[in-house]
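What follows is one structure encoded as structure tokens, with my remarks underneath.
The values are calculated or read from the model by the stated rules, or taken from the named source; none is laboratory data. Every value quoted in this text rests on a predicted model; they were computed, and no experiment measured them. Positions of Cβ are generated from backbone atoms using ideal geometry, with glycine treated the same way; all protein chains shown enter the neighbour counts. Surface areas here come from the heavy atoms of the whole protein model, side chains and all, with no ligands, DNA or RNA. Shrake-Rupley method; radii C 1.70, N 1.55, O 1.52, S 1.80 Å.
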Amino acid sequence: MAGKKNVLSMSADKTTPVITIDGPSGSGKGTISRSIAAQLDFHFLDSGSLYRAVALASINRRLAADDIAALAQLAATVPVQFETGESGEARVLLGGQDVSRELRQEEVGDRASRVAVHAAVRDALLDRQRRWRQPPGLVADGRDMGTVVFANANLKIFLTASAEIRAQRRYKQLIEKGISANIEGLLEDIRERDRRDTDRAVAALKPAPDAVTIDSSALTIEQVVTKVLDLSKHRL
Ligand code: DC
């Protein structure tokens, strides 16, 4: 995959196949999208990390969450790079520094959700995201990949799971990473963030009219991956 790094600097492409996977945090989107991209040998866009990187940079620079002009400027210029680490783990660099761990913190996720309500911020990230569409193909993970960013995608998946299941998954993930967490608090945060992502005026979290909705509450990662790969067979 060495030749697939830093595709952000290339120009946009409208014909390369794209699979979009949208849905709330904790639906399994990240793991599932990454696995599908690896199996198809496609590029992978984790758009949530872009929003999180803007959020982290805005916290570091002590910007207010409603300073729209400064946030949009940051979104257009924030120096984010995606890399694969030595043991195959996904890494995100901000200004050349590995911030993968910080980006997963609840505070950063919460700020990302607040920053993402601004149309000017979303517009600033639009072209950056579209430039990930490069041969042989792209799997794009986010909230508005199928509705806005890649509205002409070959296959659109909307992945959901109940808030309780998502809180349990998030709790497990955090504990495994050695980050302390409280399940009740996580559930409350998930509900609150769902509300903000779903109710916002621009690019709200909702399935595209032509998306296939999959509820992952009672499915394993492998079952969802197989289902998506089956659906993709006749569409790429
Ligand atoms: O997927 P995630 O939890 O890493 O995303 C963090 C926040 O970023 C999420 O609350 C909403 C926002 N986001 C968005 O608005 N649009 C996207 N395509 C991806 C993320």
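Quick check: pseudo-label points 7 Å beyond the Cα along Cα→Cβ at E222 and E188, how many nm apart are they?
So the two model labels end up 3.8 nm from each other.
What is the gain in length, in nm to one decimal, between D123 and I179 on full extension, counting 0.36 nm per residue of separation less the C-alpha to C-alpha distance?
Working: separation 56, 0.36 × 56 = 20.16 nm, distance 3.32 nm.
Fully extending the segment from D123 to I179 adds 16.8 nm.
Run the numbers on the stretch 68-169 and let me know its relative contact order in percent, using alpha-carbon pairs under 8 Å that are six or more apart.
Rounded, it is 21 percent for the stretch 68-169.
In the chain, carbon and sulfur make up what percent of the accessible area (probe 1.4 Å)?
Carbon-and-sulfur percentage of accessible area, whole number: 51.
Where in the chain is the longest stretch that carries no GluC sites (Glu not before Pro) classed as loop by DSSP and with at most 10 other Cβ atoms within 10 Å?
Numbers: sites that count: E86, E89.
Counting only loop sites that pass the neighbour cut-off, the longest clear stretch is 90-236.
Rolling a 1.4 Å sphere over the protein heavy atoms, what is the accessible area per residue of the stretch 37-185, to the nearest Å²?
Working: 6710 Å² over 149 residues.
Accessible area per residue: 45 Å².
Do you know the relative contact order of the chain, to the nearest whole percent, from alpha carbon pairs under 8 angstrom that are 6+ apart? Please report the intermediate quantities before stating the final value.
On the way: 387 pairs, mean separation 77.1, N = 236.
Relative contact order, the chain: 33 percent.
For the chain, what does the helix formula give at 222 nm: sum of -39500 (n - 2.57) over DSSP H segments with n ≥ 4, over the residue count, nearest 500 deg cm²/dmol?
Helix-only estimate at 222 nm: -13500 deg cm²/dmol.
Could you list the residues of the stretch 114-128 with an amide nitrogen less than 19 Å from a label point located 7 Å from the Cα of A64 in the Cα-to-C-beta direction?
Residues passing the 19 Å test: 114-121.
Using the charge dipole of the stretch 102-206 (Lys, Arg: +1 at Cβ; Asp, Glu: -1 at Cβ; taken about the Cα centre), state which of Q105, A181, N154 has its Cα farthest towards the positive end.
Of the candidates, N154 comes out farthest on the positive side.
State which entries of K206/K227; K177/K206; K14/K233 exceed 28 angstrom in Cα-Cα distance in the structure shown.
Result: K177/K206 exceed 28 Å.
For the stretch 157-215 and the stretch 74-140, what is the separation of their Cα centres, given in Å?
Cα centroid to Cα centroid, the span is 18 Å.
How many nm is it between the label spots at T15 and D110, if each spot is 7 Å from the Cα in line with the beta carbon?
Calculated label separation equals 4.8 nm.
Evaluate the distance, in nm, between pseudo-label points positioned 7 Å from the Cα of S162 and of D215 along their respective Cα→Cβ axes.
Here the answer is 0.9 nm between the modelled labels.
Please give the length that would be gained between D41 and R91 if that part of the chain were fully extended, namely 0.36 nm times their separation in residues minus their C-alpha to C-alpha distance (nm, one decimal).
16.2 nm
Rounded to the nearest 20 debye, what is the charge dipole size of the chain about its Cα centre when +1 sits on each Lys and Arg Cβ and -1 on each Asp and Glu Cβ?
Values: 34 positive and 31 negative charges, 87 e Å.
Approximately 420 debye in magnitude.
Between G142 and residues 5 or more places away or on another chain, which pairs have amide H atoms under 5 Å apart, with H built 1.01 Å from N, and which residues are they?
I21, D22, G23
For the stretch 155-236, give the magnitude of the charge dipole about the Cα centre (Cβ charges: +1 Lys/Arg, -1 Asp/Glu; no others), in debye to the nearest 20.
Roughly 260 debye for the stretch 155-236.
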